[in-house]
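Undergrad: Just passing along the structure, written as structure tokens.
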Amino acid sequence: MPLTDLTIASRFVDHLPSDPELANYTRPVHAACYSRVSPTSVAAPTLVAHSSEVAELLGLSDADCRSDDFASVMGGNALLAGMKPYAACYGGHQFGNWAGQLGDGRAITLGEILHNGQSLEVQLKGAGPTPYSRRADGRAVLRSSIREFLCSEAMAHLGIPTTRALSLVQTGDAVVRDMFYNGNAAPEPGAIVARVAPSFLRFGSYQIHAARRDNDTLRALADYTLRHHFAHLGAPSPETYTAWLTEVCRRTAEMVVHWMRVGFVHGVMNTDNMSVLGLTIDYGPYGWIDAYDHDWTPNTTDAGGRRYRFGFQPRIAGWNLARFAESLYPLIGDVAPLEGALEVYSATLAASHHEMMCAKLGLTTRQEEDDALFRALLEALQEAETDMTIFYRRLSSLDLSAPTLDHFTPSFYAEHSAHPKLADWLIRYSQRAQGEGIPEAQRSAAMCAVNPKYVLRNYLAQEAIDAAEAGDTSRVTTLLDVMRRPYDEQPEHEQFAARRPEWARHKAGCSMLSCSS
Ligand code: AMP
Ligand code: MG
């Protein structure tokens, strides 16, 4: 349907306390969940790519997305009737420290689109300054926008809860960034991603009101969340708040286990980047594991403490949930239910993680020695500098009666080829798997359904960015296509399943990323 026929709602704006100030300047905002603000116009909004699947969720066709109207709205130059754009107020713990008010500094939600009984918010990231922009410009560069656009969709196609990306629009304006924070600021092409989710509410959305001891706004927001996003839990009450927290704990555990399954490192798990719907949100300096490394982080800002390293993500999510639980204390008034919910996090995490590892290995029975088997594998993979994605995928076609390291040659980064720990592990694993007696084809198909062949490798995204910055955006569309079917063999796209090439080992954007975006 044409954009003008969309059904647009504004429940967030209509039902929650608003900042009375309408002028757009940086300020602390109290006793409000949002500030009304419109996108700032850009020079020449041009569509680079869109997601047909997300468009369909909203009732839009590919042709609708290719219209001038679409680029205009998703570039921030026009609003549709019924849109009441706003920036949300939230706070957050950044790298373990309470940072106070943050808010949508460069994201502006246009409105909620109602289609097929579902309500989805459309939010522009990089649409200009808001009252929460602090000292920054409210804009986003093309490179980070390509990364957010592609990864949102890649994650969705992998079956991982995430915010979605409707479109990527180039603005025609330059944005100045100091990519390495070393005094070399330079203009870069600007872009805007239109993100889509039922809600972009974060842990920090509640924390800000709790930190200010503003229980009225906290309660208004919590009740709104229950009514609109957790209606199945019932009417607001201390018990319902507890049930809600428990569900957030469960969903977050499941999301993080998915990340561990596919080798995704979020990079900035601050509490303002944790969705209350359990969605992966805010794609910044994220990365994908190439050579298996429990301690890897793509984020150069975090290189010292490595707080958000791959293997720490489950622990950090737990810490973040504890901060979220604290912010709900004024509504629940008792510590025991909060502790109970956090225990559900630990229990769900342990059970889901175990189940996930069994699935990756094609094992159907649970055994006591599983943990030892998993640990031995991860140690061996790390020691042998093994590509995580290629290894698991190839494991699905291993001849269990004659396991050899050679079968995994394409996955090794290290020059030497003797990997005694991994060789031992393969024998141990093959015996165990054979003992389960699952027919070969069945075992292989089940493993290929959880071990992707194609992930958005850091160097692949960077190649698409380099080409786009040089004027050729076709790589973005190609990658979007490949990532649509991550579990399928796609012989014509085999090159996108290759391990990281040597040139990418230490290249910016491929192995390390700054927060500059
Ligand atoms: P992040 O770590 O990217 O989630 O961002 C943390 C905070 O900084 C959020 O409140 C963002 O809205 C804000 N922020 C990041 N980049 C910009 C920018 N270019 N302009 C305004 N605010 C920004
Ligand atoms: Mg953020």
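Undergrad: So which residues in region 230-243 are in contact with a Pro (Cβ under 6 Å, 6 or more places away or on another chain) and either assigned by TED's automatic domain parsing to the domain that holds PHE12 or farther than 15 Å from PRO337 by Cα (or both), if there are any at all? Explain how you work it out, then say what you get.
TA: First pass over region 230-243, keeping only residues in contact with a Pro (Cβ under 6 Å, 6 or more places away or on another chain): 242.
Selection gives nothing.
Undergrad: Could you tell me which of the residues ALA211, ALA231 is in contact (Cβ under 8 Å) with a residue 24 or more places away in the chain and open to solvent by 30 Å² or more (accessible area, probe 1.4 Å)? Lay out the reasoning, then the answer.
TA: Values: ALA231 fails: in contact (Cβ under 8 Å) with a residue 24 or more places away in the chain.
Step by step, each of ALA211, ALA231 is checked, and only ALA211 is in contact (Cβ under 8 Å) with a residue 24 or more places away in the chain and open to solvent by 30 Å² or more (accessible area, probe 1.4 Å).
Undergrad: To continue, here is another question. Report every pair of residues separated by at least 6 positions or lying on different chains whose Cβ atoms are under 7 Å apart, first residue within region 3-30 and under 27 Å from HIS229 (Cβ atoms), second open to solvent by 50 Å² or more (accessible area, probe 1.4 Å) and in a loop (DSSP other than H, G, I, E, B).
TA: Note: pairs meeting the criteria are SER10/LYS84; VAL13/LYS84; PRO17/ALA31; HIS30/ARG212.
Undergrad: ALA154: at pLDDT 95 or above and more than 10 Å from ligand 1 (Cβ to nearest atom), yes or no?
TA: Numbers: at pLDDT 95 or above: yes; more than 10 Å from ligand 1 (Cβ to nearest atom): yes.
Here the answer is yes, as ALA154 does meet what is asked.
Undergrad: If you don't mind, there's one more thing I want to ask. Please specify each residue of region 249-300 satisfying the condition of being in contact with a helix residue (DSSP H, G or I) (Cβ under 9 Å, 6 or more places away or on another chain), within 16 Å of ligand 1 (Cβ to nearest atom), hydroxyl-bearing (Ser, Thr, Tyr) and touching a residue at least 40 places away in the same chain (Cβ under 8 Å).
TA: Selection gives THR271, SER275, THR280, TYR283, TYR286.
Listed here are the residues, each with its yes/no results for (1) in the same structural domain as CYS249 (by TED's automatic domain parsing); (2) part of a helix (DSSP H, G or I).
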| site | (1), (2) |
| --- | --- |
| TRP319 | yes, yes |
| GLU339 | yes, yes |
| HIS354 | yes, yes |
| GLU368 | no, no |
| ASP371 | no, yes |
| GLN382 | no, yes |
| ALA414 | no, no |
| LEU422 | no, yes |
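Undergrad: Right, here's the next one. Among the residues that make up region 110-124, is at least one of them open to solvent by 20 Å² or more (accessible area, probe 1.4 Å) and within 9 Å of ligand 1 (Cβ to nearest atom)?
TA: No; the residues of region 110-124 include none that is open to solvent by 20 Å² or more (accessible area, probe 1.4 Å) and within 9 Å of ligand 1 (Cβ to nearest atom).
Undergrad: Go through (1) within 16 Å of ligand 2 (Cβ to nearest atom); (2) open to solvent by 40 Å² or more (accessible area, probe 1.4 Å); (3) of a type outside the set (S, T, N, Q); (4) under 25 Å from PRO236 (Cα atoms) for LEU277 and report which single condition fails.
TA: Tallying (1) within 16 Å of ligand 2 (Cβ to nearest atom); (2) open to solvent by 40 Å² or more (accessible area, probe 1.4 Å); (3) of a type outside the set (S, T, N, Q); (4) under 25 Å from PRO236 (Cα atoms), LEU277 fails exactly one: (2).
Undergrad: I need the full set of residues from region 291-300 which are in contact with a Ser or Thr (Cβ under 8 Å, 6 or more places away or on another chain) and either assigned to a loop (DSSP other than H, G, I, E, B) or not assigned by TED's automatic domain parsing to the domain that holds HIS258 (or both), in order please.
TA: Result: TYR292, PRO298.
Undergrad: Would you say TYR241 is open to solvent by less than 10 Å² (accessible area, probe 1.4 Å), within 16 Å of ligand 1 (Cβ to nearest atom) and of a type outside the set (A, V, I, L, M, F, W, C)?
TA: On the way: open to solvent by less than 10 Å² (accessible area, probe 1.4 Å): yes; within 16 Å of ligand 1 (Cβ to nearest atom): no; of a type outside the set (A, V, I, L, M, F, W, C): yes.
Against the criterion (open to solvent by less than 10 Å² (accessible area, probe 1.4 Å), within 16 Å of ligand 1 (Cβ to nearest atom) and of a type outside the set (A, V, I, L, M, F, W, C)), TYR241 does not qualify.
Undergrad: Moving on to the next point. If I ask for residues that are in a loop (DSSP other than H, G, I, E, B), out of contact with any Pro (no Cβ under 9 Å at 6 or more places or on another chain) and among the aliphatic types (A, V, I, L, M), which ones from region 1-41 would you list?
TA: Across region 1-41, the qualifying residues are MET1, LEU6, LEU16, LEU22.
Undergrad: Tell me, please, whether a residue that is among the small types (Gly, Ala, Ser), open to solvent by 40 Å² or more (accessible area, probe 1.4 Å) and not in a loop (DSSP other than H, G, I, E, B) can be found in region 457-472. Before you say what the answer is, go through the steps one by one.
TA: As a first pass, look at region 457-472 and keep what is among the small types (Gly, Ala, Ser): 461, 464, 467-468, 470-471.
Still in the running and open to solvent by 40 Å² or more (accessible area, probe 1.4 Å): 470-471.
Narrowing the set further to residues that are not in a loop (DSSP other than H, G, I, E, B) leaves none.
Scanning region 457-472, I find no residue that is among the small types (Gly, Ala, Ser), open to solvent by 40 Å² or more (accessible area, probe 1.4 Å) and not in a loop (DSSP other than H, G, I, E, B), so the answer is no.
Undergrad: Determine which single condition ARG135 fails, assuming it passes every other condition in (1) open to solvent by 10 Å² or more (accessible area, probe 1.4 Å); (2) at pLDDT 95 or above; (3) charged (D, E, K, R); (4) outside any strand (DSSP E or B).
TA: So ARG135 meets the others, but not (2).
Undergrad: Which members of region 332-356 meet the condition of being over 10 Å from CYS249 (Cα atoms) and open to solvent by less than 10 Å² (accessible area, probe 1.4 Å)?
TA: Within region 332-356, no residue meets the criteria.
Undergrad: Could you list, in sequence order, all residues of region 478-504 that are touching a residue at least 60 places away in the same chain (Cβ under 8 Å) and open to solvent by 60 Å² or more (accessible area, probe 1.4 Å)?
TA: ARG484, ARG485, ARG499
Undergrad: Further question on the same structure: What number of residues within region 302-312 are closer than 22 Å to ARG500 by Cβ and either within 16 Å of ligand 1 (Cβ to nearest atom) or part of a loop (DSSP other than H, G, I, E, B) (or both)?
TA: 5
Undergrad: Just give me the residues in region 113-128 being farther than 19 Å from HIS229 by Cα and within 16 Å of ligand 2 (Cβ to nearest atom), in sequence order. Walk me through it before giving the result.
TA: Residues of region 113-128 that are farther than 19 Å from HIS229 by Cα, as a first pass: 124-128.
Across region 113-128, the qualifying residues are LEU124, LYS125, GLY126, ALA127.
Undergrad: Moving on to the next point. Inspect region 10-25 for any residue being open to solvent by less than 70 Å² (accessible area, probe 1.4 Å) and more than 30 Å from ARG213 (Cα to Cα) and give the result as yes or no.
TA: no
Undergrad: Quickly run through region 138-165 and pick out the residues that are small (Gly, Ala, Ser), away from ligand 2 (no atom under 14 Å from the Cβ) and part of a loop (DSSP other than H, G, I, E, B).
TA: GLY159
Undergrad: Please determine whether any residue of region 176-190 is at positive phi, without any contact (Cβ under 8 Å) to a residue 12 or more places away in the chain and open to solvent by 20 Å² or more (accessible area, probe 1.4 Å). Lay out the reasoning, then the answer.
TA: Step one: of region 176-190, the residues at positive phi are 181, 183.
Narrowing further to those that are without any contact (Cβ under 8 Å) to a residue 12 or more places away in the chain: 183.
Filter once more, keeping what is open to solvent by 20 Å² or more (accessible area, probe 1.4 Å): 183.
Within region 176-190, one or more residues are at positive phi, without any contact (Cβ under 8 Å) to a residue 12 or more places away in the chain and open to solvent by 20 Å² or more (accessible area, probe 1.4 Å).
Undergrad: Could we say that ARG261 is outside any loop (DSSP other than H, G, I, E, B), open to solvent by 10 Å² or more (accessible area, probe 1.4 Å), over 30 Å from HIS506 (Cβ atoms) and away from ligand 2 (no atom under 16 Å from the Cβ) here? Break it down into steps so the answer makes sense when it comes.
TA: Details: outside any loop (DSSP other than H, G, I, E, B): yes; open to solvent by 10 Å² or more (accessible area, probe 1.4 Å): yes; over 30 Å from HIS506 (Cβ atoms): no; away from ligand 2 (no atom under 16 Å from the Cβ): yes.
In short, no.
Undergrad: Do we find that VAL193 is crowded, with 22+ Cβ neighbours inside 10 Å, modelled with pLDDT of 95 or more, within 18 Å of the chain's Cα centre (by Cα) and in a strand (DSSP E or B) in this structure? Spell out the reasoning first.
TA: Numbers: crowded, with 22+ Cβ neighbours inside 10 Å: yes; modelled with pLDDT of 95 or more: yes; within 18 Å of the chain's Cα centre (by Cα): yes; in a strand (DSSP E or B): yes.
The answer is yes for VAL193.
Undergrad: Shifting gears a bit: When the residues of region 196-227 are narrowed to those that are within 30 Å of VAL175 (Cβ to Cβ) and outside any helix (DSSP H, G or I), which ends up nearest to ligand 1 (Cβ to nearest atom)?
TA: Among those that are within 30 Å of VAL175 (Cβ to Cβ) and outside any helix (DSSP H, G or I), it is ARG202.
The values are calculated or read from the model by the stated rules, or taken from the named source; none is laboratory data. All of these numbers come straight from a predicted model, not from anything done at the bench. Neighbour counts run over all protein chains shown; Cβ positions are idealised from the backbone, glycine included. Heads up: the accessible areas ignore ligands, DNA and RNA and are worked out on the full protein's heavy atoms, side chains in. Shrake-Rupley method; radii C 1.70, N 1.55, O 1.52, S 1.80 Å.
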